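Student: So that we are looking at the same thing, I have put the structure below in structure tokens.
The values are calculated or read from the model by the stated rules, or taken from the named source; none is laboratory data. No experiment lies behind these values; they were computed from the predicted model shown. Using ideal geometry, Cβ is built from the backbone for each residue, glycine included, and neighbour counts are taken over all protein chains shown.
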Amino acid sequence: MKINEILKFAEESNAEQCEIFIYEDKNISTSMSIDGRIRASSTISKGIGIRVIARGREGFSYTSSINRENIKKVVRKAINIALTAGRKLKDLPESRKISHVPKLYYEELDQITEDEVFENTRKIFNKVVKYKGAGKILSCNNGVRSIKWKIINSLGLNYEVKETHNTISFSTIAVKDDQTATYYDYIYNRKPIEVEDAINKILETIKYAESCIPKTPIESGEYPAIISPRILATLLSYTLYRTLTAKFHPRIIKTGDNIGSKQLTIIEDPLNPKIPNSTPIDHEGTPTRQIKIIENGEVKTLLYDHYYAQIEGRESTGNGFRTPMSTWPRLTKPYQTAPTPQISSIIIKPGNKTLEELAGQIDKGIYIDTVIGAHGADPASGNFTATASTAFKIENGNITEPVKHATITGNIRQILNIIDLTKQQKLVHNTIAPTVLVPKIKVAGEK
Amino acid sequence: MELGELALRLAEHIGAEYAEVRYQQFERAAMNLKGKELTGIIEGVDEGIGVRVIVNGCWGFSYTHNLVEEEVEKTVKRAVKLAKIQGGKCEVKLAEADLAKGRFQFDYKIDPRSVDLNDKISILVKGIENANEIAGDKLKSVDISYFDLWFKTHFLSSDGADAVQSGARFYFAFRVYGLTSSGVFYDSERFGMIAGIEKLEEAIIDVSTRMAKRVVNQSKAESPPTGPVIAILESRAAGDFFHEMGHSFEADSVIRGTSAFEGLKGKMVAVGNLTVYEDPTIPNAWGSIFFDDEGVKPKKTILIENGVLRGYIHSRETAMRLGEKPTGHARAEGFQYEPIVRMGNVVVKPGDWREEELISETRNGVYIAGARGGQTTGKGPFQFQASEAFLIRNGELAKPLRSVGVSMNILEALKNIEAICKEANYYITLCGKGGQRMAVTALVPTMKIKKVIIGG
């Protein structure tokens, strides 16, 4: 069924407006682990999501079996949902000019074969598994993803986006005297990742895991702390990122609020190809742009999709993304859900220090690199508790021994009360963040 | 399933020594409520076939949504090709197993597909009204994420499994935003069961009542002490602990060397009165199945018996590797995923105590109820966030505590259990592992542990 036919069918079925989201992805994934387990999968997934407005209300449905009969069923179902239970929506987004299209697609990655992906994984694993020491590789996964999606609506909007992604993820372990350190990391690129780069990164990580084997307990108390990019991004994703979107209710944060120190500037940068979620348009066709969400600690804007923008009589910020609803098995493909406001691609403005220079500002403190349990954080109050799985003491300005069993607690606003930041940044999921120095964090140790 | 048989024949014809085909169909409705306002709703049908093969001792996997002969053939060829490119450098073998044959159906009375969306919304709104009535002005708002599902799986394998299981399930997350003098706080509880809509109202009233009472208590809560304490873990909090610990019973983590129980089979790993088993056959429990995603009939598996580690849970591959029998615990989130070793329902044998007795016997300690955000590194610590906590002083719940985080080392905690109660409630979750979510439960009585670390 052609696009125009779908739009016409929707109109004939009493939809005032209709939006079509067509999605296709190709995934190759190969993994090897220390227990000899090898896995290889190759999948192609296609689907179509249809949103309509009927009698001023919104309805949505989808199908992964694309044929004329199913598409008609989906249109009818979307209209039925709009008429029986849909939320009010006046219009779909109109077509607007896209100012800049970042390079998100590389043909050499799109064309890579299963054989080549497997061969690269094998080369990487066979090299790093030979490492001799207290540390070792546990598993390595090489995933290649090529995505094409289109958004079309009856107001004339019509865009297409192509993306490629290569992610090599790996977990490592180091054991000594009954103490264990596990460390997970990954490399991401939109082009094929060089085998040598992956080998070097994994070997570096194994050696780092060896240096993380817990040695000494820490006394309970409050300490100045250095927080890694990974923890900063993780805590933000469970707290602030949720409350910065217009759909979060009750509204905890408003424009003009001061929620961090002058050192804190958070930028939404969906035009940065280094961040996997980047895109020149959102999933309902609104052009994206660089936005300062927080500048020098002050909230400059919340993030809107088209629906919430209409409610508040303002413009969408280009943050209408199709992310999984709470259901199981999950609907993980974007065509399976309607847009809602979501953070996309974040940069936390770096400073100009090194990690060592941050530590040099602390007499007695803690450097926390990884935690577990942060997903239990309270997005409303910002309170969190987590157990440090990798942490080090800071003594007399130096990062010293790895710490045994430290539970950290605090509030995200304490963390955002940043004193200083490193120049070096790290990509963590959808955030590029520096390491930060914060005034204090509560630590519960075994003593 | 003609396409399934076609896929099996083709796989064997082009070189697979083993092949399995999983056809699945899911018909679902999902909605989000913000207060009584509907903020998102979808209805949809997903179906597809996952194909997994062994060629020259190596696995290959692919799937398709497109259920036409040509696409299924391409899917089989992709899976076989992936196995072949590994060049026979793996030695996968599957243990003999009790394979399922026939049709199995979970009982339900009201099919979710037959219920109007507005009727489902009306039931959910009753939960919101109930919470508002109990918590009054301490409750600022409520969110509910809800879904229901009718599901069917047809599993076929080249070594003889041919079985269908179907049923209905529903699940919701009830999220509350309460008020304290210092601002707004959040809490949530999840509930799910394999049942029809006939069970929804009772469930939403039960959860909303509990959550509203928590909001009232938490509105006057104070900061907790920091460091090691004696703790009484209420059933659902204990359930989170045993669920996270349960990952160490999964044989793939034992083989990989990340299990806390690696090398400890036959050894005393807990107090002598602790018995733990895994049972995916409990009728209609959230984590139950008639057969796993390798077509194996699951069975009740003793894990710890009177403190001694007795066994692990297995897929056919891990059972072969460790020389044990498959237990029916290879599960996949859907046809798009390969099965991995997963729990179903972890159960701890009840003890003799009553919760009130445990509290009255405790001079100084902390009572911890509910849990969210549980996580473990296996051999390292385990952590979760309590939904509700109270300071215990002289045998009584003295005052509510705010934002209590709980941390333990698994093996230490198992030897620090001082008392186990008679009563247990289900801890229900969708657990993440290997990029997949899985419906699992833990049915664990309230228990007293003589040392946990808390912070807040």
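Student: Restricting to the range B:149-185, give me the number of residues that are more than 9 Å from chain A (Cβ to nearest Cβ) and either in a strand (DSSP E or B) or of a type in the set (S, T, Y) (or both).
Tutor: 21
Student: Shifting gears a bit: Answer yes or no: is there a residue in the range A:147-169 that is assigned to a strand (DSSP E or B), at pLDDT 95 or above, out of contact with any helix residue (DSSP H, G or I) (no Cβ under 8 Å at 6 or more places or on another chain) and closer than 21 Å to B:G87 by Cβ.
Tutor: Scanning the range A:147-169 turns up no residue that is assigned to a strand (DSSP E or B), at pLDDT 95 or above, out of contact with any helix residue (DSSP H, G or I) (no Cβ under 8 Å at 6 or more places or on another chain) and closer than 21 Å to B:G87 by Cβ.
Student: With respect to A:G285, determine if the residue is in contact with a Ser or Thr (Cβ under 8 Å, 6 or more places away or on another chain) and either in a loop (DSSP other than H, G, I, E, B) or closer than 28 Å to A:Y62 by Cα (or both).
Tutor: yes
Student: A:Q310 passes all but one of (1) among the polar types (S, T, N, Q); (2) under 20 Å from the mean Cα position of the chain (by Cα); (3) surrounded by fewer than 22 Cβ atoms within 10 Å (Cβ to Cβ); which number fails?
Tutor: Looking at each condition in turn, A:Q310 falls short on (2).
Student: Could you say whether any residue in the range A:352-368 is farther than 27 Å from A:K274 by Cα, under 19 Å from the mean Cα position of the chain (by Cα) and part of a loop (DSSP other than H, G, I, E, B)?
Tutor: So far as the range A:352-368 goes, no, none of its residues is farther than 27 Å from A:K274 by Cα, under 19 Å from the mean Cα position of the chain (by Cα) and part of a loop (DSSP other than H, G, I, E, B).
Student: Answer with yes or no whether A:P329 is within 14 Å of another protein chain (Cβ to nearest Cβ), crowded, with 20+ Cβ neighbours inside 10 Å, touching a His at 6+ places or on another chain (Cβ under 9 Å) and not hydroxyl-bearing (S, T, Y).
Tutor: No.
Student: Now for a separate question. Return the pair list, or none, for Cβ contacts closer than 8 Å from residues in the range B:352-377 that are within 14 Å of chain A (Cβ to nearest Cβ) to residues that are in a helix (DSSP H, G or I) and of a type in the set (F, W, Y), at least 6 apart or on different chains.
Tutor: So the pair list comes out as B:A371/B:F241; B:G374/B:F241.
Student: Further question on the same structure: Looking at the range A:286-304 only, could you name the residues that are within 17 Å of A:V161 (Cβ to Cβ) and touching a strand residue (DSSP E or B) at 6+ places or on another chain (Cβ under 7 Å)?
Tutor: Result: A:T286, A:P287, A:T288.
Student: Condition first: closer than 30 Å to A:I48 by Cα and of a type in the set (K, R). Now tell me which residues in the range A:129-174 satisfy that.
Tutor: Residues satisfying the conditions are A:R145, A:K148, A:K150, A:K162.
Student: Among (1) more than 14 Å from chain A (Cβ to nearest Cβ); (2) modelled with pLDDT of 95 or more; (3) surrounded by fewer than 24 Cβ atoms within 10 Å (Cβ to Cβ), which single condition is B:E423 missing?
Tutor: (2)
Student: Kindly evaluate A:E222 against the criterion of being out of contact with any Gly (no Cβ under 8 Å at 6 or more places or on another chain) and surrounded by fewer than 18 Cβ atoms within 10 Å (Cβ to Cβ).
Tutor: So A:E222 fits the description; yes.
Student: Among the helices (runs of 4 or more DSSP H) contained in the range A:1-114, which hold 3 or more residues that are farther than 30 Å from B:T75 by Cβ and in contact (Cβ under 8 Å) with a residue 12 or more places away in the chain?
Tutor: Output list reads A:3-12, A:68-85.
Student: Follow-up. Out of the range A:77-108, which residues are crowded, with 21+ Cβ neighbours inside 10 Å and either farther than 24 Å from A:N158 by Cα or not assigned by TED's automatic domain parsing to the domain that holds A:Q17 (or both)?
Tutor: Scanning the range A:77-108 gives A:I81, A:G86.
Student: Does any residue of the range A:380-395 turn out to be of a type in the set (D, E), within 14 Å of chain B (Cβ to nearest Cβ) and either over 19 Å from A:Y223 (Cβ atoms) or assigned to a strand (DSSP E or B) (or both)?
Tutor: no
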